[in-house]
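The values are calculated or read from the model by the stated rules, or taken from the named source; none is laboratory data. If you're wondering where the values come from, they're calculated on a predicted model, not measured in any experiment. Don't worry about glycine lacking a Cβ; one is built from the backbone with ideal geometry, like all the others, and counts go over all protein chains shown.
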Amino acid sequence: MPVLLLFLAMIAAVFLPETSVPGVKIVSRQVTGGFSDTRTEYLTANRLRNEWQTHAGDRIGHPMASIIQRAGTNRVYLLDLQARQYVSYETDSQGVMLGAKSHSVENSGGTLQIWITSTDTGERQEMFGRMARHIVTTEKRVAGPGACSKNSDSQTDGWYIDDSVMPDWHHPKGGSGGVVIASVFAVNAGSACMDRVDKIEVHRSGVEPGFPLKSTTSMTSEVPSPDGTRMVASNWGSEVLEFKEGPLDPSLFEVPPGFAKVDALQNWYSPAPRRQVSGWDWLRDKLAEIFH
């Protein structure tokens with residue numbers, strides 16, 4: 001009898017559909033100026049679903065969702081849950097859309113130096129059954145001669161838990177320092193920074209923060225003005241409202257029945273200010289994070 005039961009269990013594992021997959025559910029709220037949105041993320045070892053609805057003053061966007069199925073090539077779905085429409089495409093392992101034409105950019109000739117320091121205050125607080133650390137992170141950006149980036153200073157005050165609760169792909173990439181090429185600038189035609197990239201040198205020190213459960217950031221940065229540049233202050237924050245580990249329904253990571261595939265979704269918000277993390281900004285950053 002034990003042999004028969006083992007055989008039946010093996011048959012069920014092969015032929016029956018998944019009833020659940022282990023993962024993490026995270027509900028969070030982000031606020032920046034007049035923009036806010038609440039997101040629900042579902043994460044597994046190789047899948048991701050993100051749901052959001054952006055509020056901008058008295059305007060409310062459609063409830064949206066993105067699904068990423070990670071494999072040799074990665075399938076990405078963007079869904080308008082109200083219009084019941086979706087678009088879909090594939091990316092390579094680095095998150096570049098298959099068949100996409102490469103965008104020609106040139107080096108600006110300048111370098112942006114970024115110094116990031118994270119300091120553990122020693123304070124602890126239990127959050128969602130886990131011990132969170134209070135960490136303050138400062139970031140200073142200094143643009144060298146010829147750089148298209150601007151100088152800025154920011155400070156993030158947050159509470160963090162260990163990254164081990166998250167899937168491996170969600171963990172921060174890289175070590176304590178390094179050099180990357182980034183910051184593509186698409187500005188008004190005729191600008192010296194039209195489609196240019198700065199060389200970016202990152203210098204990190206202090207502790208590794210982990211996964212943020214609550215954080216607020218204040219920033220002062222240079223912006224162009226008719227008289228040269230001026231300093232602008234901005235603030236934004238985020239807070240996790242629910243954090244739960246456990247089984248997830250596999251159907252979360254599939255397009256629901258009855259949704260129509262279209263060439264483009266019509267209800268994205270217009271691009272938000274740089275530091276407002278809209279649903280589209282979130283997806284762009286998440287793709288870069290996953291396929292790094």
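Worth a mention:
- Pick from the stretch 205-244, criterion part of a strand (DSSP E or B) and touching a helix residue (DSSP H, G or I) at 6+ places or on another chain (Cβ under 9 Å), ranking: surrounded by the most Cβ atoms within 10 Å (Cβ to Cβ): PHE211
- Residue list for the stretch 29-63, filter: among the aliphatic types (A, V, I, L, M) and either closer than 26 Å to SER164 by Cα or in contact with a strand residue (DSSP E or B) (Cβ under 6 Å, 6 or more places away or on another chain) (or both): VAL31, LEU43, ALA45, LEU48, ALA56
- Of all the numbered requirements in (1) among the hydrophobic types (A, V, I, L, M, F, W, C); (2) closer than 25 Å to GLY34 by Cβ; (3) modelled with pLDDT of 90 or more, ALA233 misses one, and that requirement is (3).
- Hits in the stretch 130-158 - residues which are buried (at least 18 other Cβ atoms within 10 Å of the Cβ) and among the acidic types (Asp, Glu): GLU139
- Residue pairs whose Cβ atoms lie under 7 Å apart, separated by 6 or more positions or on different chains, with the first residue in the stretch 102-130 and closer than 24 Å to HIS203 by Cα and the second of a type in the set (Gly, Ala, Ser) and in a strand (DSSP E or B), are GLY110/ALA143; LEU112/ALA143; LEU112/SER183; THR117/SER205; THR117/GLY206; SER118/GLY206; THR119/GLY206.
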